[in-house]
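All remarks here apply to the structure that follows.
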Amino acid sequence: MGFEQLQSLDNWLDWEESWLAPYAMRSRASRGRRYPEPAHPYRTPYQRDRERIVHSSAFRRMTGKTQVLVASVNDHHRTRLTHTLEVTQVARTVARRLRLNEDLTEAIALAHDIGHPPFGHAGEQILNECLRGMGGFNHNLYGLRRVDELEERYPEFPGLNLTAEIREAFVCHGRQNDGPDAAEFSDLGRPLLEAQVVDLVDSIVYNTHDIDDALGLGFISLEELSEIELWNEAAEVVRSQYGLLNATAFRTAVIRELLSRQVTDVLQETSLRLQAERIRTLEDVRHARVPLVGMSPRMEARKQALEQFLHDRVYRHHRVLRMTANGKRILGALFAEYVRCPELLPDRHFWRWAGADAVAGPRRSPILPRRKLVPEIERVVGDYLAGMTDRYAQQEHRRLFYPTIDL
Ligand code: MG
């Protein structure tokens, strides 16, 4: 096979037809982009989307955003970005085994947390409070607006102009398909299998790595974990395989076993459901009676017990609560100050609100083209804050409120 044939797009698309399961999403079946574009000579639409996401500024900023612990606490625990990479890796494994579209799965996984504000769920809560009465704040819908409008990378169109299947995943990920922002996705039926895989893998991965991080930071002990059935089963496998290990080697091996048990269970249970529900086509997936990607009832119960433990002992640990309370204070104070005095906003955010009509005055050169609908100041400030990293929000707070001349 010559170089040109190897590299041609048709070659890839034919490969999808021959390799993927009949219920997988194919590039040829895509509902396309909001702004039509010519096909790339050798990359499928989902391969292109994956690369657009990785090159976006929202993706890079996940490196400085809280997963559970504020990103600057130490250099070992997970950030939003490393969490995303773990989810992507596991989701690709599951997709490949089920013969789903791995490129689409990868793109959905890489984008799934792109809309998270700084300081994790605490950041989301405070922004939701600040924007109450104006539609509130939700990280999935913000993620969709981020890739549809707020990223500025192409002269031809706003945002990243991603395919409909990746945009849809933002809405189904949070099951937010009833609001006006999500209206175009409201009658699609069940999410694609590729999106269902990312959704379930996300929770498996964060449960597992949050246990690992909490142990590493001393928030919980190995003894406390012996209350948890899923932990005990995995620990037993490690003990019988390796005998006595030191604490760090033991922890790492149990975490690996925890992940692998759950992923294997998902593969088995999902294959069973696909057979039992006689899923043969994409239409069957859309109209399925039950979610098709799932865990056995036995494993599901164990996973829920682990989640309850995390909720009680880790997410409500006083050190986590202090970090998140401070994060909320920082974002709440910044929000109030920018809304009170929009002139303190950096140019591109100021001009989103002021529009091109406000050229009179000292601040010239609007960066964005004039918009038909100028957003409310609260929404502009909310979008600015949601795009910040933890560190940048802390710096802005110092710049605005500390009695020093630090610009
Ligand atoms: Mg996630």
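The values are calculated or read from the model by the stated rules, or taken from the named source; none is laboratory data. None of these values were measured; they are calculated from a predicted model. When we count neighbours, we look across all protein chains shown, and the Cβ atoms used for this are built from the backbone with ideal geometry, even at glycine. Ligands, DNA and RNA are stripped out before the accessible areas are found, and what is left, the full protein with its side chains, is counted by its heavy atoms. Shrake-Rupley method; radii C 1.70, N 1.55, O 1.52, S 1.80 Å.
When residues of the range 250-260 are filtered for being without any contact (Cβ under 8 Å) to a residue 40 or more places away in the chain and either open to solvent by less than 30 Å² (accessible area, probe 1.4 Å) or aromatic (Phe, Trp, Tyr) (or both), how many remain?
Summing the residues that are without any contact (Cβ under 8 Å) to a residue 40 or more places away in the chain and either open to solvent by less than 30 Å² (accessible area, probe 1.4 Å) or aromatic (Phe, Trp, Tyr) (or both) in the range 250-260 gives 3.
Take the residues in the range 261-289 that are touching a Lys or Arg at 6+ places or on another chain (Cβ under 7 Å) and among the hydrophobic types (A, V, I, L, M, F, W, C); name whichever of them is most open to solvent (accessible area, probe 1.4 Å).
Leu267
Please go through the range 102-150 and give me each residue that is over 12 Å from Asp383 (Cβ atoms) and among the aromatic types (Phe, Trp, Tyr), ordered by number.
Phe119
What residue, among those in the range 185-224 that are free of Cβ contacts under 8 Å to residues at least 40 places away in the same chain and open to solvent by less than 40 Å² (accessible area, probe 1.4 Å), is nearest to the ligand (Cβ to nearest atom)? Before the answer, list the steps.
Step one: of the range 185-224, the residues free of Cβ contacts under 8 Å to residues at least 40 places away in the same chain are 185-187, 191, 215, 218, 221-223.
After this cut, where a residue has to be open to solvent by less than 40 Å² (accessible area, probe 1.4 Å) as well, the list is 185, 191, 215, 221.
On the way: Phe185: 20, Pro191: 15, Leu215: 20, Ser221: 26 Å.
That would be Pro191.
So, in the range 4-32, exactly how many residues are open to solvent by 50 Å² or more (accessible area, probe 1.4 Å) and in a helix (DSSP H, G or I)? Quick ask: steps written out before the conclusion?
Within the range 4-32, the subset open to solvent by 50 Å² or more (accessible area, probe 1.4 Å) is 4-7, 10, 12, 14-15, 17-19, 22, 28-29, 31.
Remaining after also requiring in a helix (DSSP H, G or I): 4-7, 10, 12, 14-15, 17-19, 28-29.
Summing the residues that are open to solvent by 50 Å² or more (accessible area, probe 1.4 Å) and in a helix (DSSP H, G or I) in the range 4-32 gives 13.
Which pairs turn up if I take residues in the range 148-170 that are free of Cβ contacts under 8 Å to residues at least 12 places away in the same chain and look for partners that are assigned to a loop (DSSP other than H, G, I, E, B) and open to solvent by 50 Å² or more (accessible area, probe 1.4 Å) with beta carbon separation below 7 Å, at least 6 apart in sequence or on another chain?
Glu149/Pro158
Restricting attention to the range 252-262, does a residue exist that is within 16 Å of the ligand (Cβ to nearest atom) and either modelled with pLDDT of 95 or more or closer than 20 Å to Ala91 by Cβ (or both)?
Applying the first criterion (within 16 Å of the ligand (Cβ to nearest atom)) to the range 252-262 yields 259, 262.
Okay, now just the ones that are also either modelled with pLDDT of 95 or more or closer than 20 Å to Ala91 by Cβ (or both), so 259, 262.
Yes, there is a match, as at least one residue in the range 252-262 is within 16 Å of the ligand (Cβ to nearest atom) and either modelled with pLDDT of 95 or more or closer than 20 Å to Ala91 by Cβ (or both).
I'd like to check something: does the range 126-139 contain any residue that is at pLDDT below 95 and in contact with a strand residue (DSSP E or B) (Cβ under 9 Å, 6 or more places away or on another chain)?
no
Name the residue that is nearest to the ligand (Cβ to nearest atom), counting only residues in the range 124-137 that are outside any helix (DSSP H, G or I) and in contact (Cβ under 8 Å) with a residue 40 or more places away in the chain.
By that ranking, first place goes to Phe137.
What number of residues within the range 234-249 satisfy the criterion of being open to solvent by 30 Å² or more (accessible area, probe 1.4 Å) and either part of a helix (DSSP H, G or I) or of a type in the set (Gly, Ala, Ser) (or both)? Explain how you work it out, then say what you get.
Of the range 234-249, the ones open to solvent by 30 Å² or more (accessible area, probe 1.4 Å) are 236-237, 239-249.
Keeping just the survivors that are either part of a helix (DSSP H, G or I) or of a type in the set (Gly, Ala, Ser) (or both) gives 236-237, 239-243, 247-249.
Counting residues in the range 234-249 that are open to solvent by 30 Å² or more (accessible area, probe 1.4 Å) and either part of a helix (DSSP H, G or I) or of a type in the set (Gly, Ala, Ser) (or both) gives 10.
Among the residues of the range 313-333, is any touching a His at 6+ places or on another chain (Cβ under 6 Å) and either open to solvent by less than 50 Å² (accessible area, probe 1.4 Å) or of a type in the set (D, E, K, R) (or both)? Walk me through how you get there before you give the answer.
First, the residues of the range 313-333 that are touching a His at 6+ places or on another chain (Cβ under 6 Å): 330.
This time we only want the ones that are either open to solvent by less than 50 Å² (accessible area, probe 1.4 Å) or of a type in the set (D, E, K, R) (or both), so: 330.
There is at least one residue in the range 313-333 that is touching a His at 6+ places or on another chain (Cβ under 6 Å) and either open to solvent by less than 50 Å² (accessible area, probe 1.4 Å) or of a type in the set (D, E, K, R) (or both).
Is it the case, given these coordinates, that Arg146 is within 23 Å of Arg348 (Cα to Cα), within 16 Å of the ligand (Cβ to nearest atom), modelled with pLDDT of 95 or more and not in a loop (DSSP other than H, G, I, E, B)?
Working: within 23 Å of Arg348 (Cα to Cα): yes; within 16 Å of the ligand (Cβ to nearest atom): yes; modelled with pLDDT of 95 or more: yes; not in a loop (DSSP other than H, G, I, E, B): yes.
Yes, satisfied.
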